[in-house]
Amino acid sequence: MKKIVVPGELVTEQRKRTGDHVFVHNGQIYSDTVGITNNESTTASVVPLKGIYIPKQGDILIGLVVNELFSGFLVDVNSFSLSYMSKDRIREPLKRGSIVSVRVSKTNELNEADVSDARVFYGGEVFAVSPVKVPRIIGKNGSMLDILRKGTNCNFIVGRNGRIWAKGGNVPLLIKAIKKIEAEAHTSNLTNKMAEFLSKQRNII
Amino acid sequence: MTKEEKKIYVNKKGLRLDGRAVDESRPITIKAGVLKNAKGSCYLEWGQNKVLVSVQGPREALPKHIANPFKAIVKFTYRMAAFSVPDRKNPRPGRRDIEISKVCGEALEKSIFLEKYPNTQIEIWAQILDSNAGSRAAALTAASVALADAGIPMKDLVTSVAVGRIDGKIVLDLNKEEEDAPDAVDMPIAMMSNSKEIVLLQMDGLFSKKEWEEAYEVAVKGIEKIKQLQINALKEQFKLEEKEEKKTKTETKEKSVESAKETKTEKKEDKKELKDNKELSKAEAEVQ
């Protein structure tokens, strides 16, 4: 059974493998954040409902080029500090203010990230959601993304840092749908609810 | 002051000037996530005290020389609004504001997993909108909720309360009138209740050892109650699911009742039809 826990609340008294956002104190497993835990799982872990983005290697992010250096660019990726992107292997012209999709190539112990594989976006809109809700926007094997694509006819990319770039189709409806997912991320059966919501909205239009 | 004029702070029934029992705190309401632009926020009313706390971060520590490459730093800012006291308070931070900011920040440092966010700072602003004794306890309790609301990993929620002595009796959560009593002792205490680790302890006046032990017990009981309110405030934000579940349950019940009625009526109709058919067949047989 799923339940909501707060920092310092007991997750389980059983001996289990520990996952994310838990810590062990006196042989018992406690949560360190506000989130959802599942008692039936073999791993004691908490899925956070609030939080910030910490870069991980391989993540695809939506960033903003904020400065140009001699050999690279500084990119704002909604993290603690600006990320460095080398000019090596950049094919497209970049300048300050460009919106890019990048891949985290390297992180260090200070949670600083180096990024690469830049792709520039021309046109479209960028909006932000809470980074901890991104897995819900993607869904299991991208199921939610499929529904959103079909429902809005938008071309969009979701960054792990909580930024979403969208172009074409019904972007206002997409934003509305994503805000709804963000608000109801902790509820179950969300994919079906969203399919229903989008079909209703399309009928209204 | 003559004997006749002497105030009775705790009467024979064990009730205080405002009608509370000795181990009863003033009414508390906590609401988390009240500010949209802050990462985490909390609004707390504790009797007449009104506190608004917001949290930003973790973000890059600035100026850079204050950054610690091994852990995050906590910047706690306690400020009283000019209108928070009967006479106008000079909004410039005074000795008291700076002291409370320091002790509250250090208290919260103990509960946060600072080593997860090196080179960063976590900023907490506690704005006292209205005060009537016990504002630092209120600010610390609210700050802890705001930190949890911001999603910052913590060992436990920090809960704070003041205990003290008036008229030789140990009481929980003194208000301003009680704090001004001639023999009053006021002791704010903050604790992480899981581990019973005390993270803030200040005292204005003196306790005997026996009084301290009694005061500690009263404080621990008070803290347990207040912590439950903090937990409720944090969970309150995610009640949507339960409401929806209730809704869907009621809808399904209604539907099932309706469908049951329909099936009943259908059955009746079927029986009628059967009867009619039988009668018809009888009549036909008679005719033949």
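Taken together, the values in this text are just the output of simple stated rules run on the coordinates, not laboratory data. Remember, it's a predicted structure, so these values are computed and weren't measured experimentally. Quick reminder, even Gly has a Cβ in these numbers, built from the backbone with ideal geometry, and neighbours come from all protein chains shown.
Across the range A:60-120, the mean sequence separation of Cα contacts (distance under 8 Å, 6 or more residues apart), normalised by length, yields a relative contact order of 34 percent. Counting Cβ atoms of other protein chains within 10 Å of each Cβ in A:6-14 and taking the mean gives 6. Footprinting exposure proxy ranking of B:TRP125, B:TRP46, B:TRP212, fewest other C-beta atoms within 10 angstrom first, gives B:TRP212, B:TRP125, B:TRP46. Oblate is the label for chain A, because a/c, from the alpha-carbon gyration tensor with a ≥ b ≥ c as root eigenvalues, is 1.5 or above and a/b does not exceed b/c. For the range A:54-131, just say rounded, prolate or oblate: build the C-alpha gyration tensor, square-root its eigenvalues into a ≥ b ≥ c, call rounded for a/c under 1.5, and beyond that prolate if a/b exceeds b/c, oblate if not. It is oblate, given that a/c is not under 1.5 and a/b is not larger than b/c. If R0 is taken as 45 Å, the Cβ-Cβ distance between B:PHE70 and B:LYS225 corresponds to a FRET efficiency of 0.75. Neighbouring Cβ atoms from other chains, within 10 Å of the Cβ of residues in A:110-118, number 2 on average.
When B:CYS42, B:CYS104 are sorted by how many other C-beta atoms sit within 10 angstrom of their C-beta, beginning with the fewest, the order is B:CYS104, B:CYS42. Across the range A:40-153, the relative contact order, built from alpha-carbon pairs under 8 Å that are at least six residues apart, equals 25 percent. Across the options B:ALA142, B:SER131, B:VAL185, the greatest Cα extent toward the positive end of the charge dipole of the range B:92-227 (unit charges at beta carbon of Lys, Arg, Asp, Glu) belongs to B:ALA142. The ranking of A:GLU40, A:GLU125, A:GLU9 from fewest to most other beta carbons within 10 Å of each one's beta carbon is A:GLU40, A:GLU125, A:GLU9. Mean partner shielding of peptide B:41-52, defined as the number of other chain Cβ atoms within 10 Å of each residue Cβ, is 0. Put simply, when A:89-96, A:48-55 are sorted by average Cβ atoms within 10 angstrom per residue, most first, you get A:48-55, A:89-96. For the protein assembly as shown, the square roots of the Cα gyration tensor eigenvalues, ordered a ≥ b ≥ c, give a/c of at least 1.5 with a/b no greater than b/c, which places it in the oblate category.
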